[in-house]
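Single-structure report; data block below.
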Amino acid sequence: KIKRITERGHTVGIHASLNTYGDSENFIKEVERLKNISGDVNEGRHHFLKFSVPESWAMWDEAGIKRDLTMCYENDGGFRCGIASEYPVFDILRRKQLNIYEQPTIVMERALKRASKSVEEFQEKFIELKNTVKKYNGQFVFLWHQDNFERYEWRKYEHIYPEILK
């Protein structure tokens, strides 16, 4: 399946397992395993609860990852990095710029659901964030977990996804 994805020209990125937190060797093994299946792997996201600045970025840099998309809010949508465009990452402990860029994720659907009182509010907030990013010529990066399309409690939200893609 991954080969078909790459053949269509899509980017395959890594979503590091929880076991890689603080473990560069294990992270590099996961990256190499994915590269053996899909070819090139240059970007991804860590689990936001298992991400540490600047240590995680240094680990990603060591593994040759060029773009990270981890930075987002866990309980709402918004501009955690104050920007909607990628920026170079600086390792303050080693006092050097890394060969990696952070592309902030503006909204994760589960976080926005926690912050919203209704489906309508969820949709309004999602669209408002998208429009704000567009207004400032940013990159609207959002995360919608694919398993939510199969979950009963998300059925009343599924009509929103195609609206976001427009």
Being surrounded by fewer than 18 Cβ atoms within 10 Å (Cβ to Cβ) and in contact with a Phe, Trp or Tyr (Cβ under 8 Å, 6 or more places away or on another chain) is the filter; apply it to segment 56-79 and report the residue that is farthest from ASP23 (Cα to Cα).
-> GLU74
GLY39 touching a strand residue (DSSP E or B) at 6+ places or on another chain (Cβ under 8 Å) and at positive phi = no
Of the residues VAL41, VAL89, VAL107, VAL53, which single one is open to solvent by 20 Å² or more (accessible area, probe 1.4 Å) and under 17 Å from the mean Cα position of the chain (by Cα)?
-> VAL53
Could you grab the pairs with beta carbons closer than 6 Å, sequence gap of 6+ or different chains, first residue in segment 3-16 and over 12 Å from LYS35 (Cα atoms) and touching a residue at least 12 places away in the same chain (Cβ under 8 Å), second one open to solvent by less than 60 Å² (accessible area, probe 1.4 Å) and among the charged types (D, E, K, R)?
-> HIS15/ARG45
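From ASN36, ASN19, ASN26, grab the single residue that is in a helix (DSSP H, G or I) and under 24 Å from ALA111 (Cβ atoms).
Values: ASN36 fails: under 24 Å from ALA111 (Cβ atoms); ASN26 fails: under 24 Å from ALA111 (Cβ atoms).
Answer to the selection: ASN19.
Based on this model, can you work out whether ILE127 counts as of a type in the set (A, V, I, L, M, F, W, C), modelled with pLDDT of 95 or more and within 17 Å of ILE14 (Cα to Cα)?
So ILE127 fails the test.
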Report, by residue number, each residue of segment 1-38 that is surrounded by fewer than 14 Cβ atoms within 10 Å (Cβ to Cβ), of a type in the set (S, T, N, Q) and at pLDDT 85 or above.
-> ASN19, ASN36
Residue hits (segment 5-19; among the β-branched types (Val, Ile, Thr) and in contact with a strand residue (DSSP E or B) (Cβ under 8 Å, 6 or more places away or on another chain)) are THR11, ILE14
May I ask you to list the residues in segment 141-161 that are polar (S, T, N, Q) and surrounded by 14 or more Cβ atoms within 10 Å (Cβ to Cβ)?
-> ASN148
Extreme residue, surrounded by the most Cβ atoms within 10 Å (Cβ to Cβ), among residues of segment 110-140 that are of a type in the set (A, V, I, L, M) and in contact with a Lys or Arg (Cβ under 7 Å, 6 or more places away or on another chain) = LEU112
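The values are calculated or read from the model by the stated rules, or taken from the named source; none is laboratory data. None of these values were measured; they are calculated from a predicted model. All Cβ positions, even for glycine, are placed from backbone atoms using ideal geometry, and neighbour counts span all protein chains on display. These area figures cover heavy atoms from the full protein model, side chains too; ligands, DNA and RNA do not enter into them. Shrake-Rupley method; radii C 1.70, N 1.55, O 1.52, S 1.80 Å.
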